[in-house]
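Participant: Before I ask anything, let me first share the structure, which is written out below as structure tokens.
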Amino acid sequence: MTFAPSHFAAVLLFAVFASVVFGITQRSTTRAMVRYGLCCFAMFVVAVVGAGWIMWFIRR
Amino acid sequence: MASNVQVTAKGGVNAETRSSSAGYGALILGWLLPGAGHVLVKRPFRGLFLFLSITSMFVLGVAMQGKLYAPNAGEILNILGFVGDLGAGLLYIVAKALDFGHGAVQIATADYGTKFAVVAGLLNFIAAIDAHNIAIGRKS
């Protein structure tokens, strides 16, 4: 069994799983869990895309 | 009056002991099987989501041909990696027993797989501690 996602797909999977755990463990109410989980997911993705652009500019 | 105080204090101690043992039970069960600690403290849906997330992350890490760290590694980074992997509890023990995971990273995605497995273990530590906090009443 081998799974070889693209780098971006791997990041998205990582962000989804980590955000679910962060949301559930760091907040008490269901609404707050969902909001925090979505916030974490968005921050993961924004940080990755941002870091990607920074590396692109450094390489130029 | 003095008797009443004594009874209350005794009851409090008993309740505290019970709460403490339930807390450690949730902690250990949550570590062994992701989400099981939350099921134990009557939060089944949280437990289900935690189980799905942590187990998927660990299994995908192994499927990406990630490395599973061994307990007898000498270097500090390997020891930290082992501690992270061990956080996945039975998942790590079973995967190691079945000889899953590669000893050395050979392809680019395998490096991600290694991180997936380690982070799944670390997330499980957080989940187990959360179950403990719920059991002792520190969190709802």
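The values are calculated or read from the model by the stated rules, or taken from the named source; none is laboratory data. Since the structure is predicted, the reported quantities are computational estimates derived from the model, not experimental observations. Every residue, glycine among them, receives a Cβ derived from its backbone with ideal geometry; neighbour counts consider all protein chains shown. The accessibility values were calculated without ligands, DNA or RNA, using every heavy atom of the protein model including side chains. Shrake-Rupley method; radii C 1.70, N 1.55, O 1.52, S 1.80 Å.
Participant: For A:V16, tell me the accessible area in Å² from a 1.4 Å probe, rounded to the nearest 10.
Facilitator: 60 Å²
Participant: If you don't mind, another one. Please list B:Y112, B:Y92, B:Y69 from largest to smallest accessible area, probe radius 1.4 Å, with all protein chains kept in place.
Facilitator: I get B:Y112, B:Y69, B:Y92, largest accessible area first.
Participant: Give the ranking of B:L50, B:L77, B:L33 by solvent-accessible surface, highest area first, calculated with a 1.4 Å probe.
Facilitator: Heavy-atom accessible area, descending, gives B:L77, B:L33, B:L50.
Participant: With a 1.4 Å probe and all protein chains kept in place, how much accessible area does A:S19 have, in Å² rounded to the nearest 10?
Facilitator: 10 Å²
Participant: How large is Rg/Rh for chain A, to two decimals, with Cα atoms and a Kirkwood Rh?
Facilitator: So for chain A, dividing Rg by the Kirkwood Rh gives 1.12.
Participant: A follow-up question, please. Looking only at Cα atoms, what is the convex hull volume of the stretch B:52-140 per residue, in Å³?
Facilitator: Normalising the Cα hull of the stretch B:52-140 by residue number yields 101 Å³.
Participant: Using alpha-carbon positions, what is the distance between the centroids of the stretch A:1-54 and the stretch B:53-109, in Å?
Facilitator: 21 Å
Participant: When ligands, DNA and RNA are left out and all protein chains stay put, how many square angstrom of accessible area per residue does the protein assembly as shown have with a 1.4 Å probe?
Facilitator: 58 Å²
Participant: Okay, moving on. Can you give the accessible area of B:K115 in Å² (nearest 10), computed on protein heavy atoms with a 1.4 Å probe?
Facilitator: 100 Å²
Participant: Residue by residue through A:24-36, how many Cβ atoms from other chains fall within 10 Å of the Cβ on average?
Facilitator: Neighbouring Cβ atoms belonging to other protein chains average 3 per residue here.
Participant: Right, here's the next one. With each label point set 7 Å from Cα along the Cα-Cβ vector, what nm distance links A:T2 and B:I76?
Facilitator: Output for this residue pair reads 3.6 nm.
Participant: What is the set of long-range amide H partners of A:F3 at a cut-off below 5 Å, with H atoms built 1.01 Å from backbone N?
Facilitator: HN-HN under 5 Å from A:F3: B:M64, B:Q65.
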